[in-house]
Amino acid sequence: MRTQIGIVGAGPAGLVLSHLLHLQKIESVVLEVRSRKYIEERIRAGVLEQGTVDLLVETGVGARLKREGLVHHGIELRFNRRGHRIDLHELSGGKAITVYAQQEVIKDLVAARLDAGGQIIFEANDVTVHGFDGPKPSIRFRRNGQAEELHCDFIAGCDGFHGVCRTSIPANVITDYDHVYPFGWLGILAQAPPSSNELIYCQHERGFALFSMRTPEVSRLYIQVPNDEDIKSWPDDRIWSELQLRSALDGNWKLAIGPVLQKNIAGLRSYVAEPMQYGKLFLAGDAAHIVPATGAKGLNLAVADVRILAQALVEFYKSGKTRLLERYSETCLRRVWKAQRFSWWMTTMLHKFDTDSAFDQHRRIAELDYLTGSRAAMTSLAENYVGLPWD
Ligand SMILES: Cc1cc2nc3c(=O)[nH]c(=O)nc-3n(C[C@H](O)[C@H](O)[C@H](O)COP(=O)(O)OP(=O)(O)OC[C@H]3O[C@@H](n4cnc5c(N)ncnc54)[C@H](O)[C@@H]3O)c2cc1C
């Protein structure tokens, strides 16, 4: 088999890249280890930045997103039993976020690629990448037990944090910047209407909580738990009562409760691999970096990376120039590190640390108090939350 761009992974990064390349008449083949059903049902992120929404809409894969996505103009920060609304729309000059589940983005992209005759090979096993340090890159894999090889001009490693692409680059080329937080998020998906029209971030002495949603009927709720927590020690009743305690408010507030559809614990991590390219292999999205979910940046960063990669590949195929390809990593990393900073800041401001002294607790409340009372500070939060400009 031969194509121009061999893409490993059909997450947001791989599928958006394949879609953008197709619009510029550049061929690609996407190799995905999981089944179509699996990736279309995998529950992950749900907050799309303004730029991500605009890109999906402008490139023709945003019709359902426009119809079904929930546009939010603000978020609430809640601490000391009081809620403070951050008006994202007004503070960012008219931008917003859209709540639309990642698996819905995936469904739209898979459908668009297949309708356009694009190739996504699902359940591609034992994927390995070769020859990217020379002129003839290729990807070997097994389909239905048969060994196959895909020859290509470039390889895009869009295979997430646990994929094979990043670890195929010689170890002495990559510098890892890694920070693991001493807590994780216990997340539930509940058949209950959202308790608020906007996301609520709660800072509480018992730990962080986030009240989010996926649809007008389904809530997505999280509580901070220790890293090594056993999910079995969290029956549904205990989760609901902890959510009640951490969201307590002097004023009107009623937590909508319903059957728990799904429950999991995920660790929080900040990670960057530098550089994001080696020879003809380019890493994008979670394959190159991880952010703690507090800033809602993971999916959006994946889209931002492949937007840059698509532009660089278009320049190469149209003019033979490699200028943008050579600068791919450097260009992406500027945005990546700003998203890292913002996600780390939100995480450390809103979570409880076991090592906190009384001083740390007072400083954290003072920071939130300052933030919610200063237009300048709220503007900074708003412009990061809705997404920094592309360039
Ligand atoms: C469990 C989990 C929960 C998350 N929850 C949130 C959240 O609540 N909010 C938020 O903002 N962000 C969240 N994120 C982050 C966000 O979902 C990711 O940043 C986003 O999915 C990144 O997209 P990606 O395309 O780079 O990687 P991925 O979505 O991980 O896609 C990579 C793809 O590559 C495939 N793959 C992996 N290895 C191979 C291989 N060897 N061969 C072929 N294919 C392979 C995978 O099956 C996958 O389909 C979560 C991430 C995870 C892992």
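The values are calculated or read from the model by the stated rules, or taken from the named source; none is laboratory data. Everything numeric in this text was worked out from a predicted model, so none of it was measured. Quick reminder, even Gly has a Cβ in these numbers, built from the backbone with ideal geometry, and neighbours come from all protein chains shown. Ligands, DNA and RNA are excluded from the accessible area calculation, which covers all protein heavy atoms including side chains. Shrake-Rupley method; radii C 1.70, N 1.55, O 1.52, S 1.80 Å.
List the pair-distance distribution P(r) of segment 261-391, using every Cα-Cα distance, as the percent of pairs falling in each 10 Å bin from 0 up to the bin containing the longest distance, rounded to whole percents. With a bin width of 10 Å, the distribution comes to 11, 34, 28, 18, 7, 2, 0.
Lys66 exposes around 140 Å² of accessible area when a 1.4 Å probe is run over every protein chain in place.
Please report the carbon-and-sulfur percent of the accessible area for the chain; probe 1.4 Å, protein heavy atoms only, DNA, RNA and ligands left out. Carbon and sulfur together cover 50 percent of it. Using C-alpha pairs below 8 Å separated by at least 6 residues, the relative contact order for the chain is 21 percent.
Evaluated at q = 0.09, 0.14 Å⁻¹, the base-10 log of the normalised Debye intensity for the chain, with identical point scatterers placed on the Cα atoms, takes the values -0.54, -1.24.
Return the whole-Å distance between the Cα centroid of segment 262-326 and the Cα centroid of segment 1-80. Going from one Cα centre to the other spans 13 Å. Ordering 168-179, 317-328, 89-100 by mean Cβ neighbour count within 10 Å, with the highest value first, yields 89-100, 317-328, 168-179. When its C-alpha radius of gyration is set against 2.2 N^0.38 Å (N residues), segment 8-76 gives a value of 1.26. Net charge of the neighbourhood of Lys66, taken over other residues with C-beta under 13 Å away and scored Lys/Arg +1, Asp/Glu -1, is -3. Summing +1 for each Lys or Arg and -1 for each Asp or Glu among the other residues whose beta-carbon sits under 13 angstrom from that of Leu333 gives +2. Across q = 0.10, 0.18, 0.19 Å⁻¹, segment 1-117 modelled as identical point scatterers on its alpha-carbon atoms has Debye log10 I(q)/I(0) values of -0.38, -0.94, -1.01, in the order of the q list.
What are the trypsin sites (Lys or Arg not before Pro) within segment 198-271 that DSSP puts in a loop, where the Cβ has at most 11 other Cβ atoms within 10 Å? Here the trypsin sites (Lys or Arg not before Pro) that fit, given the DSSP loop and packing criteria, are Lys254.
To the nearest 10, the accessible area of Ser343 is 0 Å² with a 1.4 Å probe. Positive contributions from Lys and Arg (+1) and negative ones from Asp and Glu (-1), summed over other residues with Cβ under 12 Å from the Cβ of Leu261, come out at 0. For Asp356 and Asp237, a Förster radius of 30 Å and the Cβ-Cβ distance give a FRET efficiency of 0.60, rounded to the nearest 0.05.
Relative to 2.2 N^0.38 Å, what does the C-alpha radius of gyration of segment 60-112 come to as a ratio? Two decimals please.
Details: Rg = 14.8 Å, N = 53, 2.2 N^0.38 = 9.9 Å.
Against the empirical 2.2 N^0.38 Å value, I get 1.48 for segment 60-112.
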